[in-house]
Amino acid sequence: GAGVSQSPSNKVTEKGKDVELRCDPISGHTALYWYRQRLGQGLEFLIYFQGNSAPDKSGLPSDRFSAERTGESVSTLTIQRTQQEDSAVYLCASSFFRSGMGNEQFFGPGTRLTVL
Amino acid sequence: RKEVEQDPGPFNVPEGATVAFNCTYSNSASQSFFWYRQDCRKEPKLLMSVYSSGNEDGRFTAQLNRASQYISLLIRDSKLSDSATYLCVVNNFNKFYFGSGTKLNVKP
């Protein structure tokens with residue numbers, strides 16, 4: 001079956017521009033997560049959605065970052081007025097929303113963002 | 001204190017060797033546990049879930065020690081293709097906490 005997809009795969013932008021990153025989760029997965037991974041670093045949690053709601057936005061680095069999800073499906077991560085330190089791979093993952101076992105996350109291939 | 005801690009390595013081992021990684025977690029209420037593998041410039045991929053009773057998948061064995069709050073991964077008969085970074089992941093109320101990863105280099 002189809003996995004998690006993300007677009008674009010690569011994005012080069014100029015400092016100060018806005019960017020939108022898209023994630024299409026696995027069909028039926030109610031939970032969706034965004035992470036950031038800088039080169040050579042670990043995964044940094046940004047935000048997660050349960051359905052279309054975001055119970056935890058604590059990882060968003062600043063108010064330039066926002067995300068939404070519609071139809072319990074596609075999600076968009078928006079970064080406004082991009083800065084060079086925003087350069088990273090942005091990873092999306094989805095899972096079933098359940099406690100205990102069976103809630104493994106599956107990742108998309110990521111969007112590599114470069115801010116010049 | 002970090003939620004999940006791992007030795008970053010690298011672990012450099014010859015083909016055929018057995019290698020073990022440990023990971024500790026801080027929240028005793030954590031509910032589920034996983035090992036992921038991440039190849040250079042690729043997304044993390046699920047290697048295996050970790051069950052309370054321990055579980056094995058081919059050359060890979062995972063164990064959970066709730067009393068001591070650690071998770072282990074044992075790789076037997078290492079292959080060149082096992083070279084990657086191994087991420088320990090802990091889930092608590094649908095928030096996932098990732099370790100920074102342990103790098104494994106398997107050499108001919």
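The values are calculated or read from the model by the stated rules, or taken from the named source; none is laboratory data. If you're wondering where the values come from, they're calculated on a predicted model, not measured in any experiment. We place every Cβ from the backbone using ideal geometry, glycine too, and count neighbours over all the protein chains shown. Ligands, DNA and RNA are stripped out before the accessible areas are found, and what is left, the full protein with its side chains, is counted by its heavy atoms. Shrake-Rupley method; radii C 1.70, N 1.55, O 1.52, S 1.80 Å.
What the phi angles of the range A:15-25 give under the Karplus curve with 6.51, -1.76 and 1.60, with θ = phi - 60°, is a coupling list of 3, x, 7, 9, 10, 10, 10, 10, 9, 10, x Hz, glycine and proline written as x. Checking every one of the trypsin sites (Lys or Arg not before Pro) in the range A:7-50 against DSSP loop status and a limit of 15 other Cβ atoms within 10 Å picks out A:LYS15, A:LYS17, A:ARG38. Taken along the Cα-to-beta-carbon direction at a fixed 7 Å, the label points for B:GLU5 and B:ALA67 span 2.1 nm. Over chain B, the alpha carbon radius of gyration divided by the compact-protein estimate 2.2 N^0.38 Å works out to 1.01. Using a simple spin-label model with pseudo-atoms 7 Å out from Cα toward Cβ, B:ARG41 and A:GLU85 lie 2.6 nm apart. A Förster radius of 41 Å combined with the Cβ-Cβ distance from A:THR13 to B:GLU56 puts the calculated FRET efficiency at roughly 0.35. Counting Lys and Arg as +1 and Asp and Glu as -1 over every other residue whose Cβ lies under 13 Å from the Cβ of A:GLU68, the net charge comes to +1.
Pairwise Cα separations in the range A:17-109 fall into 10 Å bins from 0 onward with the following percentages, short to long: 17, 51, 27, 4, 0.
For chain B, leaving out every one of the trypsin sites (Lys or Arg not before Pro) that falls in a DSSP loop and has at most 11 other Cβ atoms within 10 Å, the longest unbroken run is B:2-40. Couplings 3J(HN,Hα) of the range A:67-78, computed from phi: 8, 9, 9, 10, x, 6, 9, 4, 10, 10, 9, 10 Hz, in residue order, whole Hz [Karplus 6.51 cos²θ - 1.76 cosθ + 1.60, θ = phi - 60°; x for Gly and Pro]. Antiparallel beta bridges, as assigned by DSSP with both residues in chain A, represent about 90 percent of the total such bridges. For the protein assembly as shown, the percent of C-alpha pairs falling in each 5 Å distance bin, counted from 0 to the bin holding the largest distance, reads 1, 7, 14, 18, 18, 16, 12, 8, 4, 1, 0. Note that the range A:53-116 presents 44 Å² accessible area per residue, ligands and nucleic acids not counted, probe 1.4 Å.
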